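Structure first, commentary second.
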Amino acid sequence: MQAVINSAVVIGFICYSGAVAALVVDVGQPLRFWFTFWHPNVHSMLTEVTFCITCYLLVLSLEYIPILLRNRQLRKLPSFLVFEHQLHKLVPVLAAVGTLLSFFHQGSLGGLYGVLRGRPFAYRQGFFIWPSTFFLFILSAIATGPSFLMLVTATVEKVTGKRLVPGDLFRRLGFISGVLLAIYVAAKSIDTLIWLNITSPSEGFAPWQYYIHKPFGTPILFAEIALFGLLPAFLMTYRRTAARRGWLLSAAALACGGVLLNRFVLTIQTLALPTLSFDEFLSYTPSWQEIASFGAVLAYGVIVYSLSYRYLPLFAPLKGEDTNVSGS
């Protein structure tokens with residue numbers, strides 16, 4: 001796992017700095033982004049999410065600095081070597097703090113919709129003050145993290161034409177992701193059954209009412225649990241398919257697609273479905289400014305990762321293996 005730790009830190013830094021940038025644009029008046037910290041709405045889950053994302057970005061920045069200081073030119077300066085050595089001692093503490101912050105912000109993103117009693121499609125019962133979606137978001141993020149790391153690493157290998165990680169690392173990452181994904185699918189299935197048979201009827205809604213609109217339907221529920229859940233979990237844990245990189249990467253792509261579908265369902269579908277008899281079904285098309293902002297974040301990520309790969313030691317050198325992709 002040491003071979004991809006630096007790459008994982010850079011990916012995390014890119015994702016969270018991009019998320020902060022998107023939040024700054026999303027508030028409508030980017031120059032007033034500091035209002036969130038100076039005048040926080042303590043009753044808003046978005047405030048908690050913003051604080052967690054910002055604090056975690058600070059932690060990731062501190063984890064990224066030691067990697068940055070390993071640049072060959074910077075290592076020629078003794079003061080930077082000392083600083084990098086001292087900062088490296090804090091990495092375990094930073095990793096623990098970052099994990100805690102990541103848990104809370106991922107959970108809050110799910111809990112935000114799980115507490116909306118006025119939106120029975122998303123409303124869930126839970127443990128004390130936390131709805132079940134709080135824990136499902138955390139578990140799904142953990143389960144697909146290794147899959148996303150595999151996809152990024154495989155893409156970099158394809159672009160560079162070099163083997164960057166040991167041959168068995170993908171299988172280990174895939175097995176971890178597959179086991180966690182199976183646990184998530186089991187928890188998601190139980191949560192769905194409880195919602196279908198207890199939660200939704202108790203709120204006065206028959207479950208079939210949420211699936212009568214054309215863009216949505218029961219196939220989307222089947223796809224999320226079976227096609228993008230059970231299938232990739234099986235492919236990543238079954239020995240024969242896990243031993244073949246093509247199957248493994250396909251399963252990783254399905255797993256990441258499943259998380260995207262889950263976020264889509266709990267945000268777009270939840271807000272689009274009418275909850276009152278006189279409400280209309282809502283539709284929405286992103287503006288070019290929103291599409292451009294999203295594209296800018298993607299471009300920013302590609303640039304930062306490319307520069308990091310070019311000038312920093314993201315991957316440990318392979319020993320005793322052919323570094324040519326076509327030769328392995």
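Points worth noting:
- Residue match in the range 46-59 (condition: surrounded by fewer than 17 Cβ atoms within 10 Å (Cβ to Cβ), touching a residue at least 40 places away in the same chain (Cβ under 8 Å) and within 30 Å of Phe281 (Cβ to Cβ)): yes
- Taken as a whole, the structure places Thr192 among residues that are modelled with pLDDT of 90 or more and either outside any helix (DSSP H, G or I) or within 18 Å of Arg119 (Cβ to Cβ) (or both).
- Flag if Gly107 is within 30 Å of Tyr311 (Cβ to Cβ), outside the structural domain of Ile129 (by TED's automatic domain parsing) and in a helix (DSSP H, G or I): no
- Among (1) exposed (fewer than 11 other Cβ atoms within 10 Å of the Cβ); (2) at pLDDT 85 or above; (3) not aromatic (Phe, Trp, Tyr), the one test that Leu307 misses: (1)
- Check on Arg172, at pLDDT 90 or above, of a type outside the set (Ser, Thr, Tyr), out of contact with any Cys (no Cβ under 6 Å at 6 or more places or on another chain) and over 24 Å from Arg263 (Cα atoms): yes
- Residues in the range 150-164 that are surrounded by fewer than 22 Cβ atoms within 10 Å (Cβ to Cβ), closer than 28 Å to Arg263 by Cβ and in contact (Cβ under 8 Å) with a residue 24 or more places away in the chain: 6 in all.
- Beta carbons closer than 7 Å, at least 6 apart along the sequence or on distinct chains, pair a first residue in the range 200-225 that is assigned by TED's automatic domain parsing to the domain that holds Asn262 with a second that is basic (Lys, Arg) for Ile225/Lys188.
- Of all positions in the range 231-246, at least one carries a residue that is closer than 21 Å to Gly110 by Cβ, surrounded by 16 or more Cβ atoms within 10 Å (Cβ to Cβ) and of a type outside the set (Phe, Trp, Tyr).
Each row is one residue, and each column tells you yes or no for (1) more than 21 Å from Thr192 (Cα to Cα); (2) in contact (Cβ under 8 Å) with a residue 60 or more places away in the chain; (3) of a type in the set (S, T, N, Q).
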site	(1), (2), (3)
Leu230	no, no, no
Tyr238	yes, no, no
Gly246	yes, no, no
Ser250	yes, no, yes
Val259	no, yes, no
Leu273	no, yes, no
Tyr284	yes, no, no
Ser306	yes, no, yes
Leu314	yes, yes, no
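- Any hit, the range 200-218, residues being under 20 Å from Leu139 (Cβ atoms), at pLDDT 85 or above and part of a helix (DSSP H, G or I): no
- A single member of Thr153, Thr144, Thr133 is more than 19 Å from Val4 (Cβ to Cβ) and not hydrophobic (A, V, I, L, M, F, W, C), and it is Thr133.
- Any chance Gly98 is in a helix (DSSP H, G or I), outside the structural domain of Trp195 (by TED's automatic domain parsing), at pLDDT 80 or above and within 18 Å of the chain's Cα centre (by Cα): no
- All positions within the range 1-35 that are outside any helix (DSSP H, G or I) and more than 20 Å from Leu60 (Cβ to Cβ): Val27, Gly28, Gln29, Trp34
- Number of residues in the range 195-208 that are among the aliphatic types (A, V, I, L, M) and either surrounded by 15 or more Cβ atoms within 10 Å (Cβ to Cβ) or in contact with a helix residue (DSSP H, G or I) (Cβ under 8 Å, 6 or more places away or on another chain) (or both) equals 2.
- Among the candidates Leu266, Leu276, residue that is in the same structural domain as Leu221 (by TED's automatic domain parsing) and modelled with pLDDT of 85 or more: Leu266
- With respect to being under 18 Å from Asn262 (Cα atoms) and surrounded by fewer than 20 Cβ atoms within 10 Å (Cβ to Cβ), Arg119 fits the description.
- The criterion of being part of a loop (DSSP other than H, G, I, E, B) and within 24 Å of the chain's Cα centre (by Cα) does not hold for Pro232.
The values are calculated or read from the model by the stated rules, or taken from the named source; none is laboratory data. None of the values given here were measured: they were computed from a predicted structure. With ideal geometry, Cβ positions are generated from the backbone for all residues, glycine too; neighbour counts draw on all protein chains shown.
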